[in-house]
Each structure stands twice: as structure tokens, then as C-alpha cells.
Amino acid sequence: MTGTEPGGPLDARDGMVRSRMVVPDAALLALLGSSDESLRIAEDALTADVHVRGNELTLSGVPADVAFAERVFTELITLAERGQQVTGDAVRRTVEMLSDEGADDRERLGESPAEVLSLDILSRRGKTIRPKTLNQKRYVDSIDTNTIVFGIGPAGTGKTYLAMAKAVQALQAKTVNRIILTRPAVEAGERLGYLPGTLFEKIDPYLRPLYDALHDMLDPESIPKLMAAGTIEVAPLAYMRGRSLNDAFIILDEAQNTTPEQMKMFLTRLGFGSRIVVTGDVTQIDLPGNAKSGLQVVREILDGVDDVHFATLDSADVVRHRLVGDIVDAYARWDAASQRRAAISAGNTAPRNGPPSARQAGRRR
């Protein structure tokens, strides 16, 4: 399928090589993308020159660039051969994954871009939910192999959405009998008592993102029936107190807004045949005052406990608009700079060593 050769008209430029790759006919259209969009994105992302004639790809440039382009197209062709449309996002994700240090080791461990991007979790009406980054795949895999998983990362990294897809998958496979989705009803400094409406009307906006995700994954007409039957339950965290939850897939979202006591209460609801996924972003804590977040301390508390896994996602795993990742990074830099300035300021205002009487005596002398 691939061959690299010196020669031809490229001989005039020292050290240049050409490689030819034959794309199977069945995979060609999926590889090129609509109106050759994916091909154009690949051409922009790669340093090697890319030319297509019929079902043959020709890559030319310096050996290292051509070799990298070969690896990228090998992964993309594998995706196409598996029946997937190779989108522009898939091209960009493939280039990013192969550009990272340790890419060779990850491929040997079965974590190649084609393996990451073809792991289907759930399909509905032509839309398939799957991880889009290596960290997301590791997160999804950890849910299969651990009873309790913490997914910690910034907004837009898919931590809640992927957990809900795994919950629906488990329900459809009948490995659990019900799904329980919960959130603490504390956000953005608002207090429920000051909001208009009945208790349900006050709580409902906090749970709405969970309903929205369910509508992506299930037939909307079936959701009220499943909820009426208790197969799917969406409720505030306070409603979990005093319960033992058996044969359930339980998701706690926005866990950064739990206190340590609430986190302990929630985790000890775990019953037989159940699994728990806890998701949150420790940079967006809305607890009043200086209250400590249960999500911040739980890692230290449960460190080393068997069958508990902590998965960390970062700005590279953001799957919303590309600016979201840039915004997350910008805020992280600003936070770090603010902490440095605060530390310097605290150092400048700290008292000098020695008791006040000794310092005063020194000044008198």
C-alpha cells in the first residue's frame, strides 16, 4: 500500500523523497470527505505535499515529513475502511495524537488514533457517540473496568456526556436496571429560596442539561415513560440521602459544588450491582464563602482505594468550539499569574524575623 522512493523530478532538491499510497476503492470517498474537505484539511495540517490522482496518494517532501504524513493517512484509511466518514475534526485529532510524545508507545498499546476514533459507544438515528481524544477513550475504558470513576476536567471535555452515553449503553445491554442522574442545586451564587416558582420549577433548570443529553441518546417519546417507571431518575443530590442504590448506573454531575460531607453521603449510596461516575470541574466552584469542595479533597481521601479511578481531562480534550480550549488555557494562565502575584505580595508584607522588641532595639542602636 505504501512505498517511499527517491527519484523523478524531485531529485533536483537534495534529500527529498516521494511516497505512494494506494487507497482501497471502498474507502476513497470516506477518506476525501465531502467536496474533498478532509483532504484539504490534511494538506493544511501536514508539512509534506499531498497529491491525489485516482485512488493513489502521493506524498513528497523531506523524509521525516513524508513518514509522518504516511502515518496520518494510514490511520485515516483505517477509519475509512471501518465504514466511518473521515471528518475534518477526525483529521485534526489524528494529527494531534500522532504529534504527541509517546505516540509510538500508545500505538503498541492499542491506542492508535484509528482505535480511539472508532470506539462506538452509542448510535441513534445515524448519530454515533464516541470518544474524540485519547484521554476521552481512557476515561470511557475506565468506566468499563472500575466501579467508581471520577471524570475531572474543564467545560467542554465531554466528561458528563460520555458518562451518560455509557449509562444508556449499560441500560440497553441490561447490565443495570436503571439510570440515576443527580446534581447539587448550587450554581453561580444563586440560592433556590430566592428563585420564583414551586420547588420543582426552581430545581428543574439545574437538571435541564441532563435532560438535554438524554434527548440526544434516547427516543424523546420514551423518556417520560422511562421516568414514570423509575427506570430513569433525574433528581437533586439532596434526594439521594438515606437510600441504597442497587443495580443502577449513577452519575453525579457538577460535583465540584458538593461539600466533603455531601460527597461522602453520595458515594456511600452505592449498592450491589451498581456503578458510579462523578464528574466536575474544580476550577468552577460555586459553593458559598470559603467552603471546601468535596471534589477537591476526595482524590486525597480515596487515593489507593481499589476499584476507584480518577480520570483527568484537559483543554486538549475540549470538543466544543476550538475557542473553548483557548479560553480554558487563558484562564489557567491568568490564575497561575494571580497566584504568583499574591505570593510575592504576601512575601513583601511578611514581618521580619525576630521579636518586635529586638527589631526596635536594633533600630535604636
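The values are calculated or read from the model by the stated rules, or taken from the named source; none is laboratory data. Every value quoted in this text rests on a predicted model; they were computed, and no experiment measured them. With ideal geometry, Cβ positions are generated from the backbone for all residues, glycine too; neighbour counts draw on all protein chains shown. Areas reflect the complete protein model, heavy atoms only, side chains present, ligands, DNA and RNA absent. Shrake-Rupley method; radii C 1.70, N 1.55, O 1.52, S 1.80 Å.
The set of residues from the stretch 112-145 being open to solvent by 30 Å² or more (accessible area, probe 1.4 Å) and part of a loop (DSSP other than H, G, I, E, B) comprises L119, D120, R125, G126, R130, K132. Residues in the stretch 322-341 that are under 17 Å from G153 (Cβ atoms) and more than 21 Å from the chain's Cα centre (by Cα): 1 in all.
Within the stretch 40-67, the set of residues being crowded, with 20+ Cβ neighbours inside 10 Å and part of a helix (DSSP H, G or I) comprises A42, V66. Hey, could you check the stretch 283-309 for residues that are in contact with a helix residue (DSSP H, G or I) (Cβ under 7 Å, 6 or more places away or on another chain) and closer than 21 Å to K137 by Cα and say which is surrounded by the fewest Cβ atoms within 10 Å (Cβ to Cβ)? Here the residue is V308.
For the stretch 165-175, does any single residue satisfy the condition of being open to solvent by less than 30 Å² (accessible area, probe 1.4 Å), charged (D, E, K, R) and modelled with pLDDT of 95 or more? Yes, that holds for at least one residue. Residues of the stretch 80-98 that are in a helix (DSSP H, G or I) and of a type in the set (G, A, S): A80, G88, A90. A count restricted to the stretch 223-258 and to residues that are surrounded by fewer than 17 Cβ atoms within 10 Å (Cβ to Cβ) and closer than 26 Å to R299 by Cα stands at 9.
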